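S.K.: Okay, here's the structure, questions in a sec.
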Amino acid sequence: MHGTYSLWFQNNKFKEKNTMELTVAIKPGSLDSKRKNYQYKPTIWDCNFIESLKSNYMGETCSSRRQKMQERVRVMLKETPEKLTSLELIDDLERLGLGYLFEEEIKQSLVGIYGNIANDMWMKDNLYATALHFRVLRQHGYQVSQENFVGFIGVEPYFKESLQEDVKGMLSLYEAAHVALEGEHILMEAKEFTRKHLKGHRRNLEPSIVKQVNRSLEVPLHWRMQKSESRWYIDAVEGERTVNPVLLELAKLEFNMVQATLQKDLKNMSRWWRNIGLGTELSFARDRLAESFLASVGIAHLPQDSRCREWLTKVMNFVLIVDDIYDIFASVDELELFSNAFERWDSNQLHKLPYYMQICFLALFNTINEMAYVILKEQGCDFLPYMKKSWANFTKAMLVEAKWCKTGYTPSLQEYLDNGWLSSSGSVILVHAFFAINQNITIDALENLESDKELLYYSSMILRLCNDLATSSAELKRGDTSSSILSYMHESNASEKEAREHIRVLIMNTWRKMNASITNSPYNIQFVNIAINLARTSLFVYQYGDGIGVEISKTRDHILSLIVNPTE
């Protein structure tokens, strides 16, 4: 922690809190009934603290300094003739969070590298260079064949055992294996081969290399939340002199300048959340504004994405409340009425609902309609039907799970997943993100959005599976019967450990399918990245437990490092 913010938290916010008994405000006209007795802790993020955040990295002085360093880096990109050095520079820029500042220069460099792929002697017998070339080009949408790795295979389909001595090359190949498409067996074998030997080598490596290997084995680079990766990489390379000092200086400045934008966005969201009052009116539901904002940063991290972050923060706060209504508070009869309200999208039907549902639905109804109005003014088209449909599908899926729970029914794994990708809320998040970003909206993209094809499905499925890995134990204690882990245990007579391993395999397979769906996508690259970032953020927030619903120390540390405390 740093400076004033650190002292403030030590003295005020991070003392142990007592759990809060589940209660609900009962107003005239509400339908009171016995509710589940469940406890959530109140938020640790005081609105006064959030709204007092200030940054020293704003204004003309910082902008001028950044511009001068950008020009120096542009010269580096243009004057780096060696292909391997150019790829390493591009990779460093992107890991440091600077790639978007040099989009055109990176594009030109990669066009040149890809266009001369036939003259690849610089890669011959160099596993590190071959794997880096493959991964970087794949991540930028180029069709590069897995056959590039045939020369490193001994007795097919196994890689040469002698490669295990090349730790740098093995790590590079391990990262490349995670941009694989479904059915690419060479890369599947590469992942298993490198993982096995990297784990075995760790005790004999330099500490700095061990740190990189451990991080990759925990979460591969292609799966990492980008904002978190840039902060980690800045800290990791600072003392090692492995990155050009100009790049490192620019990365620190850019991180802190973007953080100033994030603080402004979060303060706006805090004022909105405080004014809307749902956190106090619906005290049974989770109050997780800062955690929702952190997730929105993971999905839309660029400084120009403020509107997208703000819309997604609002959406995710409503998702949490709706989720708690379905999971822990309402009766099935009430939920039938609630789901019908979303299907009809009609505020005139509110009198049929209990008060706590009335206030939730009307706040959500007004917020989403306002978003649709903004897009209507900008583009002259009414996209509210797409937003309405996403909420209707989400609440219908939640109703299915609520009925399973009330009746004690355990669905098969496939039955659960067919419903669960919608109950994950991933499609709600992505539909609203689609309209929040500035883009030309095509008919093809709208048709795919309406049918929830491929990209939305795979990203939402990863969110579902990651959420289940993090929350299933708590849900089992609570008496819930719907979880991918529980369904697999039930139908396969498997242990919880075996079920968790099976879900991890499903996540890997879904990533491969999503990687393939990006090719020839009807969506522009900005939205494709947002969909991928939702999957990355799912892994990030659920890596150590329920990082959204339950306030854990890791999530607190992430908020401090990415949004509150600048780099030094």
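S.K.: With respect to Q143, determine if the residue is within 26 Å of R536 (Cα to Cα), of a type in the set (S, T, N, Q), assigned to a loop (DSSP other than H, G, I, E, B) and under 29 Å from the mean Cα position of the chain (by Cα).
M.R.: Judged against the criteria, Q143 is a match.
S.K.: Go through segment 242-287 and give me each residue that's in a loop (DSSP other than H, G, I, E, B) and touching a helix residue (DSSP H, G or I) at 6+ places or on another chain (Cβ under 9 Å).
M.R.: Passing the criteria: T242, V243, N244, G277, L282, F284, A285, R286, D287.
S.K.: Answer yes or no: is there a residue in segment 163-171 that is without any contact (Cβ under 8 Å) to a residue 24 or more places away in the chain and in a helix (DSSP H, G or I).
M.R.: yes
S.K.: Consider F193 against the criteria (1) under 26 Å from S86 (Cβ atoms); (2) touching a Phe, Trp or Tyr at 6+ places or on another chain (Cβ under 8 Å); (3) in a helix (DSSP H, G or I): it satisfies all of them except one. Which criterion is unmet?
M.R.: All conditions pass for F193, except number (1).
S.K.: Now a separate question. Restricting the search to segment 291-310, which residues are within 14 Å of H558 (Cβ to Cβ) and either outside the structural domain of I548 (by TED's automatic domain parsing) or not in a helix (DSSP H, G or I) (or both)?
M.R.: Within segment 291-310, just H301 meets the criteria.
S.K.: If you check V210, V150, which single one turns out to be assigned by TED's automatic domain parsing to the domain that holds R224, without any contact (Cβ under 8 Å) to a residue 12 or more places away in the chain, part of a helix (DSSP H, G or I) and more than 30 Å from E104 (Cβ to Cβ)?
M.R.: V210
S.K.: I'd like the full set of residues that are out of contact with any strand residue (DSSP E or B) (no Cβ under 8 Å at 6 or more places or on another chain) and of a type outside the set (D, E), limited to segment 174-193.
M.R.: Y174, A176, A177, H178, V179, A180, L181, G183, H185, L187, M188, K191
S.K.: Considering each of M225, M269 in turn, give the residue that is outside the structural domain of A363 (by TED's automatic domain parsing), touching a Gly at 6+ places or on another chain (Cβ under 6 Å) and modelled with pLDDT of 95 or more.
M.R.: It is M225.
S.K.: Considering only residues that are among the hydroxyl-bearing types (S, T, Y) and not in a loop (DSSP other than H, G, I, E, B), look in segment 70-111 and name the one that is nearest to the chain's Cα centre (by Cα).
M.R.: Here the answer is Y100.
S.K.: Give the residue, chosen from K227, K264, that is in contact with a Leu (Cβ under 7 Å, 6 or more places away or on another chain) and either surrounded by 18 or more Cβ atoms within 10 Å (Cβ to Cβ) or not aliphatic (A, V, I, L, M) (or both).
M.R.: Result of the check over K227, K264: K227.
S.K.: Turning to a different aspect of this structure: Restricting attention to segment 290-299, does a residue exist that is surrounded by fewer than 24 Cβ atoms within 10 Å (Cβ to Cβ) and not small (G, A, S)?
M.R.: The answer is no, given that none of the residues of segment 290-299 is surrounded by fewer than 24 Cβ atoms within 10 Å (Cβ to Cβ) and not small (G, A, S).
S.K.: Something else: Residue check, I548 against (1) surrounded by 19 or more Cβ atoms within 10 Å (Cβ to Cβ); (2) in a helix (DSSP H, G or I), all met but one. Which one?
M.R.: (2)
S.K.: When you go through L247, L278, L312, L302 one by one, which is the residue that is under 15 Å from the mean Cα position of the chain (by Cα), of a type outside the set (D, E, K, R) and surrounded by fewer than 23 Cβ atoms within 10 Å (Cβ to Cβ)?
M.R.: One residue alone meets the criteria, L302.
The values are calculated or read from the model by the stated rules, or taken from the named source; none is laboratory data. As the structure is a prediction and not an experimental result, all values here were calculated from the model. So basically every Cβ, Gly included, is an ideal-geometry build from the backbone, and we count neighbours across all protein chains shown.
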